[in-house]
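As structure tokens, the structure follows; a few thoughts come after it.
The values are calculated or read from the model by the stated rules, or taken from the named source; none is laboratory data. Since this is a predicted model, take the numbers as computed values, not measurements. Quick reminder, even Gly has a Cβ in these numbers, built from the backbone with ideal geometry, and neighbours come from all protein chains shown. Accessible surface areas use protein heavy atoms only, side chains included; no ligands, DNA or RNA. Shrake-Rupley method; radii C 1.70, N 1.55, O 1.52, S 1.80 Å.
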Number of protein chains: 2
Amino acid sequence: MYEGVVQDLIDELGRLPGVGPKGAQRIAFHLLTADPEDITRLADALVQIREKVRFCEVCGNVAEAEQCRICLDPRRDASLICVVEQSQDVAAIERTREFRGRYHVLGGAINPIGGVGPEDLRVRELVARLADGSVSEVILATDPNLEGEATATYLARLLTPFEGVRVSRLASGLPVGGDLEYADEVTLGRAFEGRRLLSGGTPSA
Amino acid sequence: MYEGVVQDLIDELGRLPGVGPKGAQRIAFHLLTADPEDITRLADALVQIREKVRFCEVCGNVAEAEQCRICLDPRRDASLICVVEQSQDVAAIERTREFRGRYHVLGGAINPIGGVGPEDLRVRELVARLADGSVSEVILATDPNLEGEATATYLARLLTPFEGVRVSRLASGLPVGGDLEYADEVTLGRAFEGRRLLSGGTPSA
């Protein structure tokens, strides 16, 4: 529909996740009239990630060196490992500033339908990190969905034999700022199960 | 939040229209795990448009040479000029395969609030194309919104002195495949005004 190079760019942009044909066209025409510097910076950023980014040999997070910034940081508590599905989850947890331990990025979740088994994830590498006995707790922070729960259950069982290693799972419940009325029944059920006592006695089941 | 080059790419992607911070992150991580060839093709496409794309010296459409493909195509009827706001509109009309004339891209629409007047658009170039008397009709295909209508009204008046040049405007009415019930009142009003007689007599106003 367009002259060659414009159409080439629209085609390439249209392959990106979340960018449809209309969005690709909009971005392409934005760039056509943009400062050439902007285009250069974007093209350079692409070349840079192709050339510089690799994955941390310890935790599997994105890195620019053999290890990622978190694994290289001596202030991070090496006795706590938070297991996540992907690097984006590391960033999400880092934004909370609640966790001062280290991470382990599995590279996905167990998904029998999608053909992803434990052997396709960085499970062996996780077990290896527990070998020297320095880890006291593994926090399973896989997604609160079917695949993430299956992965957490699998890992919890796998890690049971490691004495001195506690295995925990992130709490499920109502999202803060949410509206109880609009919570789905599974989330609301979990919120009941996980209710915390504010005063007196033990809650009845 | 991320290692330098990943964050750089997320920042650059986040500047694109229609791509928010979450979308930028999603695209960046998609590219991190994509075939390096994909990244190369996207980066190349960016460099290509920066270096190769210019605007047709006749109609103002995007082009890779001094003139665009449509102005260079001898099969296109040079006596018909369809005036549009931007190159994307040319592509939209080309997709209909209804129009075999040529185009004139204004580069926007008159918008007093946004500070865009006729002198900021390619109006002078349009008038120049009518000088040799070879043009028989100018079809005003600016957007059916406030700015587009103002631009069409302005151009219709401006072109009145050109004898032998008809000036027309695209029809407004109900979108095909739409639902009358959900049409806005202005569109529905236009659809009444522009109603076509299917049999017998003239419709009463």
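Of the peptides A:51-63, A:107-119, the order by per-residue mean of other Cβ atoms within 10 Å, starting with the highest, comes out as A:51-63, A:107-119. If you look at the Cα atoms of the protein assembly as shown, you get an Rg and a Dmax of 30.0, 95 Å. Annotation: amide H of B:Cys82 within the under-5 Å range of B:Arg102, B:Tyr103, B:His104, B:Ile139, sequence separation 5 or more or interchain, hydrogens built in the peptide plane.
Ignoring ligands, DNA and RNA, what percent of the accessible area of segment A:68-169 is carbon or sulfur (1.4 Å)? Using a 1.4 Å probe with all protein chains present, segment A:68-169 comes out at 53 percent carbon and sulfur. Projecting the alpha carbon convex hull of segment B:159-202 along each direction and taking the average yields 5.2 nm².
With label points set 7 Å from Cα along Cα→Cβ, the inter-copy distances at B:Gly18 are 1.4 nm, sorted shortest first.
Take the Cα of A:Phe192, step 7 Å toward its Cβ, do the same at A:Arg75, and the gap between the two points is 4.4 nm.
Leaving ligands and nucleic acids aside, the B/A contact buries around 4900 square angstrom of accessible area in total at a 1.4 Å probe radius. Surface analysis of chain A yields an accessible area of 58 Å² per residue, using protein heavy atoms and a 1.4 Å probe.
Of interest is the spacing of the C-alpha centroids, which for segment A:7-50 and segment B:4-35 amounts to 11 Å. Taking the Cα centre of chain A as origin and assigning +1 to Lys and Arg Cβ atoms and -1 to Asp and Glu Cβ atoms, the resulting dipole is close to 700 debye.
When the other protein chains are added to the chain by itself, burial of at least 50 square angstrom of heavy-atom accessible area (probe 1.4 Å, ligands and nucleic acids ignored) affects these residues of segment A:45-90: A:Leu46, A:Ile49, A:Arg50, A:Val62, A:Glu64, A:Arg69, A:Gln88.
How far is the Cα center of segment A:113-135 from the Cα center of segment A:137-157, in Å? Here the answer is 12 Å between Cα centres. Mean partner shielding of peptide A:92-99, defined as the number of other chain Cβ atoms within 10 Å of each residue Cβ, is 1. Charged side chains reduced to their Cβ positions (Lys and Arg at +1, Asp and Glu at -1) give segment B:68-169 a dipole of some 360 debye around its Cα centre. Each other copy places its own label point for B:Glu98 at 5.6 nm from this one, sorted shortest first, where the point lies 7 Å along the Cα-to-beta carbon line. In chain A, the beta-carbon sitting nearest the axis that superposes A on B belongs to the residue given here with its distance in angstrom, A:Ala43, 2.
Here B:Ser136 and B:Ala171 are evaluated by their C-beta separation; at R0 = 25 Å the FRET efficiency comes out at 0.80. Just round it to a whole percent: the fraction of Cα-Cα distances in segment B:68-169 exceeding 16 Å. Every Cα pair in segment B:68-169 considered, those over 16 Å come to 55 percent.
Could you work out the percent of alpha carbon pairs in segment B:5-52 separated by over 12 Å, rounded to a whole number?
Of all Cα-Cα distances in segment B:5-52, 65 percent exceed 12 Å.
A compact globular protein would have a Cα radius of gyration near 2.2 N^0.38 Å; the ratio found for chain B is 1.32. 3J(HN,Hα) along segment B:70-86: 6, 5, 7, 7, x, 7, 7, 6, 6, 8, 10, 10, 9, 8, 10, 6, 8 Hz, from the Karplus curve 6.51 cos²θ - 1.76 cosθ + 1.60 with θ = phi - 60°, whole Hz, x for Gly and Pro. Each eigenvalue of the Cα gyration tensor of segment A:1-111, multiplied by 5 and square-rooted, gives one semi-axis; in descending order these are 37, 16, 13 Å. Distances from A:Ile113 to itself in the other copies, using label points 7 Å out along the Cα-Cβ axis, amount to 4.7 nm in increasing order.
Comparing the full protein assembly with the isolated chain (1.4 Å probe, heavy atoms, ligands and nucleic acids excluded), the residues of segment A:1-37 losing at least 50 square angstrom of accessible area are A:Met1, A:Tyr2, A:Glu3, A:Val5, A:Leu9, A:Glu12, A:Leu16, A:Pro17, A:Arg26, A:Ile27, A:Phe29, A:Leu32. If you plug the beta carbon distance of B:Thr160 and B:Leu180 into 1/(1 + (r/R0)^6) with R0 = 35 Å, you get a FRET efficiency near 0.50.
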